Amino acid sequence: MTPAEPLFFYRVDRETSTAARGVVGSGAAPARSRRTGFERRERDGSQLLRLSFQIAFVLLNVWIGARFYLFVRYFETGGQTLRVPRPPGVEGWLPIAGLMNLKYTLLTGDIPAVHPAALVLLVAFLAMSFVARKAFCAWLCPVGTLSEWLWQGGEALFGRTFAPPRWLDVALRSLKYVLLGLFAYAVATMPVEALRAFLESPYGLIADVKMLNFFRFLGTTGAIVIGALLLVSVVVKNAWCRYLCPYGALVGLVALASPLRIRREPEACIDCAKCARVCPSRLPVDRLVTVKSAECTACLACVDVCPAKGALAMTAPRRRVVPAWALAATLAVIFLGLVASARLTGHWQTPVPDAVYFELVPRANQFAHP
Ligand code: SF4
Ligand code: SF4
């Protein structure tokens, strides 16, 4: 780790055995040697599996969004349109409510009645990060998926993407931690009674409606900011996720405690550097033994592309290889298990009577942050 690399950006074990690469002495950069006669491996199919998870989650969110829009329209029109139940999964888009509920639950032992799904989904995504690194970002998050598709489109269009100089990249990556710090500070300094009062206020009850309305009635400033982010995302890999997403910062910090690591075996590696070239987080996988960075999203793109058998793998402690299907199954079990448990125990739906929604939803834009 160099002084310019804060711990949570690139916490890595540098390869220590220069002799393994045919380099004698110290101070010189390791010579790149291409080994011949290595045992070739085929691509492992992990990217197809990951893409299927991404598409499933995008479709799930489109379905949730469409149903929530119909739900809101029903109350906006005084009951003149199709009545659909409110999809609690929409609370996955309320991470601050999830953080508030997490603090409330930790301090009181009670799961709040308002937006319990926000808590359940936050816990699910944190649990995934603890077990399987930042896999939520690369396998499930629809914003991460959109980001990935945008830079892939840019690469197809321009033949490359662009990266800011290292000093600027490091500075920009700090922004998401600053944003996370601000949100965490706001939640941490709120007393338990204030958290409850906030969530049960008109603003808290229809925080999901206000979020929908933000995108439905996008103002000029909002449209310019979102348009700029989309454009930048075409030419800079994962610009939003890498520099600004506080959710990504949070799951990245939790991922530092994950026992899973991308591990390179120097004896089997042929120094082709394909792993580093394909890494969307621009990690120097070909120069590390284990990848511990908070930026690693467990996308397995590096493992998929590695041509040398036994050179690169996602590993658990004691170097046990974790195949892509096992990682995917772990994510599915955590997600489906926690959602099913919440449904069975009555901690999934927010029980707000229709009369309250008829009162609040049409006036949603009148309620300001308390
Ligand atoms: S390519 Fe490898 S090192 Fe880079 S983010 Fe994906 S899994 Fe991590
Ligand atoms: S892809 Fe990376 S780990 Fe695999 S052989 Fe090439 S440099 Fe080594």
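The values are calculated or read from the model by the stated rules, or taken from the named source; none is laboratory data. Everything numeric here is computed off the predicted structure, so don't read it as measured data. Virtual Cβ from ideal backbone geometry, glycine too; neighbours counted across all protein chains shown.
If only one of Trp139, Trp167 is among the aromatic types (Phe, Trp, Tyr), at negative phi, within 16 Å of ligand 1 (Cβ to nearest atom) and not in a loop (DSSP other than H, G, I, E, B), which one is it? Please lay out each step first, then the result.
Working: Trp167 fails: within 16 Å of ligand 1 (Cβ to nearest atom).
When all the criteria are applied, what remains is Trp139.
Residue-by-condition table, conditions (1) modelled with pLDDT under 95; (2) polar (S, T, N, Q); (3) out of contact with any helix residue (DSSP H, G or I) (no Cβ under 6 Å at 6 or more places or on another chain):
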site	(1), (2), (3)
Met100	no, no, no
Leu122	no, no, no
Phe125	no, no, no
Ser129	no, yes, no
Lys134	no, no, no
Cys137	no, no, no
Pro142	no, no, no
Thr145	no, yes, no
Ala156	no, no, yes
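Looking only at segment 56-89, how many residues end up being among the β-branched types (Val, Ile, Thr) and part of a helix (DSSP H, G or I)? Working first, answer last.
The first filter runs over segment 56-89 and keeps only residues among the β-branched types (Val, Ile, Thr), leaving 58, 62, 64, 72, 77, 81, 84.
Next cut, part of a helix (DSSP H, G or I) only: 58, 62, 64, 72.
Counting residues in segment 56-89 that are among the β-branched types (Val, Ile, Thr) and part of a helix (DSSP H, G or I) gives 4.
Scan segment 300-314 and report the pairs whose first residue is touching a residue at least 60 places away in the same chain (Cβ under 8 Å) and whose second residue is near ligand 2 (Cβ under 7 Å from one of its atoms) and assigned to a helix (DSSP H, G or I), with Cβ atoms within less than 8 Å and a gap of 6+ or a chain change.
Close Cβ pairs satisfying both conditions: Val303/Cys275; Val305/Lys274; Val305/Cys275; Cys306/Lys274; Cys306/Cys275; Pro307/Lys274.
Take segment 333-357 and flag every residue that is surrounded by 15 or more Cβ atoms within 10 Å (Cβ to Cβ) and part of a helix (DSSP H, G or I). Please lay out each step first, then the result.
To start, the set of residues in segment 333-357 that are surrounded by 15 or more Cβ atoms within 10 Å (Cβ to Cβ) comprises 334-335, 338-339, 342, 347-350, 352, 357.
Within segment 333-357, Ile334, Phe335, Leu338, Val339, Ala342, Tyr357 qualify.
Quickly run through segment 297-323 and pick out the residues that are assigned to a helix (DSSP H, G or I) and out of contact with any helix residue (DSSP H, G or I) (no Cβ under 7 Å at 6 or more places or on another chain). Quick ask: steps written out before the conclusion?
Taking segment 297-323 as the starting set, the residues that turn out to be assigned to a helix (DSSP H, G or I) are 301-305, 317-319.
Pro317, Arg318, Arg319, listed by residue number.
Return yes or no: is Ile224 assigned to a helix (DSSP H, G or I), surrounded by fewer than 21 Cβ atoms within 10 Å (Cβ to Cβ) and hydrophobic (A, V, I, L, M, F, W, C)? Even if it seems obvious, please write down each step before you answer.
On the way: assigned to a helix (DSSP H, G or I): yes; surrounded by fewer than 21 Cβ atoms within 10 Å (Cβ to Cβ): yes; hydrophobic (A, V, I, L, M, F, W, C): yes.
So Ile224 passes the test.
Pairs, please: C-beta under 6 Å, at least 6 apart or cross-chain, first residue farther than 15 Å from Gln47 by Cβ and in segment 273-292, second at pLDDT below 95?
Leu288/Val12; Val289/Asp13; Val289/Glu15; Thr290/Asp13; Lys292/Arg11; Lys292/Val12
Restricting to segment 230-245, count the residues that are surrounded by 15 or more Cβ atoms within 10 Å (Cβ to Cβ) and part of a helix (DSSP H, G or I). Before the answer, list the steps.
Step one: of segment 230-245, the residues surrounded by 15 or more Cβ atoms within 10 Å (Cβ to Cβ) are 232-245.
Those still in the list that are part of a helix (DSSP H, G or I) too: 232-235, 239-243.
Residues that pass the stated criteria total 9.
Among the numbered criteria (1) within 9 Å of ligand 2 (Cβ to nearest atom); (2) at positive phi; (3) buried (at least 24 other Cβ atoms within 10 Å of the Cβ), which single criterion is violated by Val303?
For Val303, the failing item is (2).
Scanning segment 258-296 for residues that are more than 9 Å from ligand 1 (Cβ to nearest atom) and part of a helix (DSSP H, G or I), which turns out surrounded by the most Cβ atoms within 10 Å (Cβ to Cβ)?
Top of the filtered list is Asp286.
Looking at segment 299-326, which of its residues are within 16 Å of Ser52 (Cα to Cα), near ligand 1 (Cβ under 10 Å from one of its atoms) and touching a strand residue (DSSP E or B) at 6+ places or on another chain (Cβ under 9 Å)?
Leu300
Yes/no per residue for (1) crowded, with 17+ Cβ neighbours inside 10 Å; (2) more than 16 Å from ligand 2 (Cβ to nearest atom); (3) at pLDDT 95 or above:
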{"site": "Pro3", "(1), (2), (3)": "no, yes, no"}
{"site": "Leu7", "(1), (2), (3)": "no, yes, no"}
{"site": "Gly27", "(1), (2), (3)": "no, yes, no"}
{"site": "Phe53", "(1), (2), (3)": "yes, yes, yes"}
{"site": "Ala66", "(1), (2), (3)": "no, yes, yes"}
{"site": "Leu82", "(1), (2), (3)": "no, yes, yes"}
